[in-house]
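Colleague: Dropping a structure here in structure tokens format, bear with me for questions.
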Amino acid sequence: MSITSGIPSGIPSPLKLRPRGDQRPGQHPGQQSGAVLPNKMTARGVKVFYGAKQALKGIDLDIHESRVLALIGPSGCGKSTFLRCLNRMNDTVEGCRVEGRIALDGEDVYGKAVDAVQLRARVGMVFQKPNPFPKSIYDNIAYGPRIHGLASGRDELDEVVQSSLKRAGLWGEVKDRLREPGTSLSGGQQQRLCIARAIAVSPEVILMDEPCSALDPIATAHIEELIDELRANYTIVIVTHNMQQAARVSQRTAFFHLGEMVECDDTEEIFTNPRDERTQGYITGRYG
Ligand SMILES: Nc1ncnc2c1ncn2[C@@H]1O[C@H](COP(=O)(O)OP(=O)(O)OP(=O)(O)O)[C@@H](O)[C@H]1O
């Protein structure tokens, strides 16, 4: 499947900055121009503190259903921190405090009634470094459905394992070696295994934190194609340092800087016609 987004493969120079406040009436700064798409998740006034240090300074962002949203920005600007707020991975970080509201289908994910483990099944995560469990390829995928009671018997579990591996584009390569350790796969295959593992519990949103940074260009191309295919069924948020990758895989891009979300728009707009000079500086390589 083609993953071109209409943007040339190099990083295009921005044509000009749009004047600040050049927003359509009623449009939220984190909202895409053009057609109104349903929000799968929303963030409002999200602040994050690590002890006394503030890492996010009030993020407002809409995450549209069945789209890929890329989070870009210089190192330390808070992209991963924001990503981890979306499925409460920050709950596991000592001294981390989150304020504001994050909703999934309108429901506050930090609400008292919300079970973080269940939330993480709905909002799955793929990490920078492939991290298969020290188990067989089969058991890597079967683990989540087993603990969440998503398959009623062996046949159903086999079916979930097969369909997850197919969706992750890995079935053909591993169907005859399901009992081999997940760690016996190549790095790119391991990352697709981790994506299959996330898919196996039927998530609605998949968060990806620099999923290709440990991979070679061919494995990266495989994952990028996969991301494009997956968005038909899942909402995806990806953190990437690679602006060509953001341009290739995402429909919307949000630029973060020093704990703020500076602007979010159609990816093509961000890369050709950013509103803010900080975005322009970053995408033209002046800093970051
Ligand atoms: N566990 C932690 N404890 C203390 N400070 C942290 C922790 N995690 C992140 N930070 C700080 O929060 C800020 C944002 O970090 P974060 O990792 O979210 O940025 P990032 O944009 O994802 O960076 P990078 O692109 O380098 O991965 C940084 O100043 C970082 O040092």
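The values are calculated or read from the model by the stated rules, or taken from the named source; none is laboratory data. For clarity, every value in this text was computed on a predicted model and none was experimentally measured. Methodologically, a virtual Cβ is constructed for each residue, glycine included, from the backbone with ideal geometry; neighbour enumeration extends over all protein chains shown. Surface areas here come from the heavy atoms of the whole protein model, side chains and all, with no ligands, DNA or RNA. Shrake-Rupley method; radii C 1.70, N 1.55, O 1.52, S 1.80 Å.
Colleague: Amide H neighbours of Lys47 under 5 Å, counting only residues 5+ apart in sequence or on other chains, H built in-plane at 1.01 Å?
Modeller: It is Gly58, Ile59, Glu99, Gly100, by chain and number.
Colleague: To the nearest 20 Debye, how big is the dipole of the chain about its Cα centre, given +1 on the beta carbon of each Lys and Arg and -1 on that of each Asp and Glu?
Modeller: It comes to approximately 560 debye.
Colleague: So what is the 222 nm mean residue ellipticity for the chain from helices alone, if each DSSP H run of at least 4 adds -39500 (n - 2.57) and you divide by all residues, rounding to the nearest 500 deg cm²/dmol?
Modeller: -9000 deg cm²/dmol
Colleague: Starting from the Cα gyration tensor of the chain, multiply each eigenvalue by 5, take the square root, and state the resulting semi-axes largest first in whole Å.
Modeller: Taking √(5λ) for each Cα gyration eigenvalue gives 32, 22, 17 Å.
Colleague: Here's another thing I want to ask about it. Among Leu178, Ala214, Gly188, which residue has its Cα positioned farthest towards the positive end of the charge dipole of region 151-217, with +1 placed on the Cβ of Lys and Arg, -1 on the Cβ of Asp and Glu, and the dipole taken about the Cα centre?
Modeller: Leu178
Colleague: How much accessible surface does Phe133 have with a 1.4 Å probe, in Å² rounded to 10?
Modeller: 60
Colleague: Any chance you could run the full-extension gain for Ser186 through Lys53? It's 0.36 nm times the residue separation minus the Cα-Cα distance, nm to one decimal.
Modeller: Length gained, Ser186 through Lys53: 44.0 nm.
Colleague: Rank these residues by their accessible area, most exposed first, probe 1.4 Å: Thr183, Thr235.
Modeller: Descending order: Thr183, Thr235.
Colleague: Hey, another quick one. For region 39-283, with all protein chains present and a 1.4 Å probe, just round the carbon and sulfur fraction of the accessible area to a whole percent.
Modeller: On region 39-283, the fraction of accessible area on carbon and sulfur atoms equals 47 percent.
Colleague: By how many nm would the segment from Arg177 to Ala113 lengthen if fully extended, with 0.36 nm per residue of separation less the alpha-carbon distance?
Modeller: 18.9 nm
Colleague: In region 39-283, how many lysine pairs have Cα atoms under 18 Å apart, counting only pairs 8 or more places apart or on different chains?
Modeller: Step by step, the pairs that qualify in region 39-283 add up to 7.
Colleague: If you roll a 1.4 Å probe over the heavy atoms of the protein chains, what accessible area per residue do you get for region 39-283, in Å²?
Modeller: 40
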